[in-house]
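One structure is given here, and the rest of the page talks about it.
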Amino acid sequence: MVNTVTELTSDRAAGAPTGRDTGPKLTRLQQIGNSKYLGLYLLVPAGIFVLMFFLIPVILTGVFGFTNMSTSTGITGGSYVVSRSSMQALEDRHDLGEIADQINQIVYTIDEAGLLAAGQSGVAANTLRELSSKFSGNNFEGRREIERAIKNLDARPANTRAIKALAKYFERSVLNTRFDSKEEFLAAIDGFGVSLTPEQQDALIDVSYTGWVFTADNFKRMISLPDTKKTLLNTLFYVFTTLILFNVGFALVLAISTHYMDSGPSGFFRSIWLLPRITPPVLYVLMWKWLAWDTGFISAILGPFGVEPKNWLLDSPANAWTFIILINGMVGASMGMLIFSSAIKAIPTSLFYASEVDGATRGQQIRHIILPQLRFPILFITSYQTLSLMTSFEYILLATEGGPGGATEVWALSTYFKALNNYAGALEYGYGAALALVLVVVGVVLSVAYLKLFDFKTLTAPPKIE
Amino acid sequence: MNMRNPTTLAALATTALISLGSTAVLAEDVTIQVWVGGGAGDENSYRLGAIEIAADILEREAAVGGEDLNITIDGQFFDDWSAFKQAVTLGAEAGTAPHIVVSGHEDIAPWAQSGLIVPIEDYVDVDSWPINDIYENLLETSSFEGTLYGLPQDAESRPFFVWREYMTAIGYSDAQIDALPADIQSGAYTLANVLEDAKKIQDAGLVEAGYGFYPRASNGPDYWQFYLSFGGVMEEDGKLVFDKAAMTEFYQFFVDAVASGVTKKNHLGMDWGQWYSEVANGKAAMWHGGTWHFGRYKKEGNDDFFGTIQFGLIPGGGGNAAANTITHPLVYLLTQQDNDDETAIAAELIKIASGPRINALHAIKSAHLGITKSEESVDLYSGDRWAREATSRLLPSASAMPNNVNFGQYWEIMFGGLEASWTGSKTVAEAIADVEIELTSTLGDKIIMR
């Protein structure tokens, strides 16, 4: 693709003086190559990725966050069902107990209408005759009762599905039947002889709809929960401690110390610090667990000194945080180290020589040469890693699952638990999305704040000398 | 397409009725997909194997009726529950759910509400064999809103275990240890005695600190048993119930266990492999687990279960609250499919697979309990001491968690509070207060606060 584009561009440059009219007819690709919109065309693949993996998810998160979507509402839409619990809600929420009682009856009646409909559908005449003679006018309380009656006929249908299908013709209730549309549902209610006022219809729809609805309750709930504040504080502590100590702080230490080493050892040390990043997370955390479990390395080492073996990882919130920050920090430091090292390499060596001639110490070199030159990389690492830490929870999930007692539960992990992890399969997509939306907003606000703090405009201004 | 819509049903009814005179028309080659949650270990193989055997029988039944039915079973096991549940729910939204899923019964409520699963009662005669032989309470556990949604795949319960040798060491005679299950059941031996004896055993230096009472290592249905032990009620007339007094006593029990040193403060979240190996080999004095642990302990090197371990119900907390156990059956469920004939075949397979002989294969191989009354007459089942004793000692007192749409949320909130008080990050009073606020703001009028 790149070659083709280069060729097209050079064709255009070569062909330009001859004029468009006189030149050979351009192919479609060449026309694109000549277009003033070429830049935009080239951005299309990136645009598609941004759209698919950033904009659409963010928009959907925003929309879902204002719904009560969950496993029980489904994602793609709901139906209208009268059930025991929806009728209970009709009584509790709308004080329509009488209507509920009227609707909440399973009634099967052997009547002419049912017999006629079944006959028209091809049910054997002798079956219907026997059914009519034995049960005409009879009511059955439930589906099992009428099915038993049909099963006992001499001329009973041969298989279970046919028996169930025949019973359906005599059903005079909507209980536990799913309707795809509101109109069908209300028509069926009406058809079974229950007439409702428009207000009663609205109440019935409210309690019978199984799908999701728009609501701001997620945010009200978030504010009202005592653990929300704790999770927020946990997140701030986790992000900024890991960021300052490791992702920026320790990364700078590594980059600067390896800068003053010979190329052989410095390459070796940098490679070692890359190991945590290239180790699969599950395996990496498992190694930390082997270290910290009560049958692990730390307990084994301390045992002979009379220290009781214990689960060091989950022993106390302080222990858990120490491990979480170390686990994340060891991974996070490597990226900063690479970026800072290459930025230091880009500093003209003449600056270092000149400073040494002036008698500058290493400390003075770091303070007056290296750090000022690293302002842009530090801005980049700080912003990038803040966002990355805010949304990362995989190492915490693998190591402590947010424990002990929710002490290490950060916002992203809490979002994951609510939206995608429930012992009883009750996943709360809507509430999870609302939690995720908060992360998106905080991320955007922090990014803008960082750009202001590091004075991004000055950093990216063209050099005055040019 | 919604199969339970009256128009569709009428069309279906017509098709079915027209074919009344002849035998039902079945597709010749059918592939039925089955997804099995709860572990891929060899001991679980009959969760799928039973369906394969059923397919063979159904093919033969069809052949006798003059039809050439060829069923292929495409099965998949999942090791991780949450990955399995995500796969099922998101697969169903995308229209790629398997015909049959094997999952915990507590999934029935949310999945039925969203239309992800369809009632097996739409396809099978509940009076027919072997459904009419399945224990009533297990059928109730497989139902939602009065409709039978699935059939139980296994039964189990979650007993309390003690290490016999340590009980002897603190002065119990063999006769007293043998009578322990009856004492637990009658309320003579309570959770207070558990803490007392655990402390004695620990103080005698028989087990290390924190090993006197060694509970389950992670969240699970087991913890509801302790809420029941203090008189808690999970659901009443279709509505969830939060019993503050019972929940407080339940949290307090675990806090007391930690305070007296018989249970570790950082016990939750420990490695399951380590846990199994320790309880199977006498490193812990008292603990609780599931009936399937019998098989696991053998694997961990304990060849003399009955000689080393005594088991019974989870003791009551004193007062009127009774000893109890929770059964948490996995169930065969049918997902909503476009092809109703395939769903009917899948339903038939589940029904056949639930017969006592086939179910006994799973029960014995995986150390679970049987689902049908006749299973006790199957030699394979009745010849197994564990199946025999566990069935008679535990199943009569077994209850199950409710199939309620909002139970999953209640459960997570309950466990969050337990974990917070257990680890000391909140006092029991603070944890209970937070649980109350969270339940009210999350479930509103869907839960009775008492």
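Yes or no: segment A:421-435 includes at least one residue that is away from chain B (no Cβ under 14 Å), farther than 18 Å from B:P110 by Cβ and touching a residue at least 60 places away in the same chain (Cβ under 8 Å).
No - not one qualifying residue is present in segment A:421-435.
Can you pull out the residues in segment B:272-291 that are closer than 28 Å to A:L314 by Cα and surrounded by 19 or more Cβ atoms within 10 Å (Cβ to Cβ)?
Within segment B:272-291, B:W275, B:E278, B:V279, B:A280, B:A284, B:A285, B:M286, B:W287, B:H288, B:G289, B:G290 meet the criteria.
Just to be sure, is A:I56 within 14 Å of chain B (Cβ to nearest Cβ) and of a type in the set (A, V, I, L, M, F, W, C)?
Working: within 14 Å of chain B (Cβ to nearest Cβ): no; of a type in the set (A, V, I, L, M, F, W, C): yes.
It is false that A:I56 is within 14 Å of chain B (Cβ to nearest Cβ) and of a type in the set (A, V, I, L, M, F, W, C).
Would you mind stating whether A:R129 is surrounded by fewer than 21 Cβ atoms within 10 Å (Cβ to Cβ), in a helix (DSSP H, G or I), charged (D, E, K, R) and without any contact (Cβ under 8 Å) to a residue 40 or more places away in the chain?
The answer is yes for A:R129.
Which residues, counting only those in segment B:290-314, are in contact with a strand residue (DSSP E or B) (Cβ under 8 Å, 6 or more places away or on another chain) and closer than 20 Å to B:I201 by Cα?
Scanning segment B:290-314 gives B:T308, B:I309, B:Q310, B:F311, B:G312, B:I314.
Out of segment A:157-210, which residues are more than 7 Å from every other protein chain (Cβ to nearest Cβ), assigned to a helix (DSSP H, G or I), of a type in the set (A, V, I, L, M, F, W, C) and within 24 Å of A:R93 (Cα to Cα)?
A:F185, A:L186, A:A187, A:I189, A:A203, A:L204, A:I205, A:V207
Has segment A:414-429 got any residue that is in contact with a helix residue (DSSP H, G or I) (Cβ under 6 Å, 6 or more places away or on another chain), modelled with pLDDT of 90 or more, more than 20 Å from A:V63 (Cβ to Cβ) and crowded, with 17+ Cβ neighbours inside 10 Å?
yes
Is it fair to say A:R84 is surrounded by fewer than 19 Cβ atoms within 10 Å (Cβ to Cβ), within 11 Å of another protein chain (Cβ to nearest Cβ) and either in contact with a helix residue (DSSP H, G or I) (Cβ under 6 Å, 6 or more places away or on another chain) or at pLDDT 85 or above (or both)? Break it down stepwise before answering.
Numbers: surrounded by fewer than 19 Cβ atoms within 10 Å (Cβ to Cβ): yes; within 11 Å of another protein chain (Cβ to nearest Cβ): yes; either in contact with a helix residue (DSSP H, G or I) (Cβ under 6 Å, 6 or more places away or on another chain) or at pLDDT 85 or above (or both): no.
So A:R84 fails the test.
Among the residues of segment A:279-315, which ones are among the small types (G, A, S) and crowded, with 17+ Cβ neighbours inside 10 Å?
A:A292, A:G296, A:S299
Does B:A97 fit the bill of being among the aliphatic types (A, V, I, L, M), under 18 Å from A:Y423 (Cα atoms) and within 14 Å of chain A (Cβ to nearest Cβ)?
No, not satisfied.
Taking the residues in segment A:132-156 that are part of a helix (DSSP H, G or I) and not charged (D, E, K, R) as candidates, determine which candidate is surrounded by the fewest Cβ atoms within 10 Å (Cβ to Cβ).
Filtering segment A:132-156 for residues part of a helix (DSSP H, G or I) gives A:132-135, A:143-151.
Filter again for not charged (D, E, K, R), leaving A:132-133, A:135, A:146, A:149-150.
Values: A:S132: 16, A:S133: 8, A:F135: 18, A:I146: 27, A:A149: 20, A:I150: 22.
Once the filter is applied, the top-ranked residue is A:S133.
Do we have A:W312 as part of a helix (DSSP H, G or I), in contact with a helix residue (DSSP H, G or I) (Cβ under 6 Å, 6 or more places away or on another chain) and within 14 Å of another protein chain (Cβ to nearest Cβ) here?
Values: part of a helix (DSSP H, G or I): no; in contact with a helix residue (DSSP H, G or I) (Cβ under 6 Å, 6 or more places away or on another chain): yes; within 14 Å of another protein chain (Cβ to nearest Cβ): yes.
Here the answer is no, as A:W312 does not meet what is asked.
Residues of segment B:305-328 being under 20 Å from B:L369 (Cα atoms) and in a loop (DSSP other than H, G, I, E, B), which ones?
Hits for segment B:305-328 are B:L313, B:A323, B:T327, B:H328.
Is there any pair with a first residue in segment B:237-254 that is more than 12 Å from chain A (Cβ to nearest Cβ) and a second that is buried (at least 23 other Cβ atoms within 10 Å of the Cβ) and of a type in the set (S, T, Y) whose Cβ atoms are under 7 Å apart and which are 6 or more apart or on different chains, and what are they?
From segment B:237-254, the pairs are B:A246/B:Y227; B:M247/B:Y227; B:F250/B:Y227.
May I ask you to list the residues in segment A:219-278 that are within 14 Å of chain B (Cβ to nearest Cβ) and of a type in the set (F, W, Y)? Show your work before the answer.
Here is the first cut: in segment A:219-278, the residues within 14 Å of chain B (Cβ to nearest Cβ) are A:219-231, A:233-234.
Within segment A:219-278, A:F219 is the sole residue that qualifies.
So the check is Cβ under 6 Å with 6+ separation or different chains; which pairs have a first residue in segment B:385-408 that's in contact (Cβ under 8 Å) with a residue 40 or more places away in the chain and a second one that's of a type in the set (D, E) and assigned to a helix (DSSP H, G or I)?
From residues that are in contact (Cβ under 8 Å) with a residue 40 or more places away in the chain, the pairs are B:M401/B:E106.
What's the number of the only condition in (1) surrounded by 24 or more Cβ atoms within 10 Å (Cβ to Cβ); (2) assigned to a helix (DSSP H, G or I); (3) more than 8 Å from chain A (Cβ to nearest Cβ) that B:L90 fails to meet?
Every condition holds for B:L90 apart from (1).
Can you find a residue that is among the β-branched types (V, I, T), part of a helix (DSSP H, G or I) and closer than 23 Å to A:S388 by Cα anywhere in segment A:290-308?
There is no residue in segment A:290-308 that is among the β-branched types (V, I, T), part of a helix (DSSP H, G or I) and closer than 23 Å to A:S388 by Cα.
Is there a residue in segment B:133-150 that is more than 14 Å from chain A (Cβ to nearest Cβ), touching an Asp or Glu at 6+ places or on another chain (Cβ under 7 Å) and either buried (at least 22 other Cβ atoms within 10 Å of the Cβ) or of a type in the set (A, V, I, L, M, F, W, C) (or both)?
no
The values are calculated or read from the model by the stated rules, or taken from the named source; none is laboratory data. No experiment lies behind these values; they were computed from the predicted model shown. Cβ: placed from backbone, ideal geometry, glycine included. Neighbour counts: every protein chain shown.
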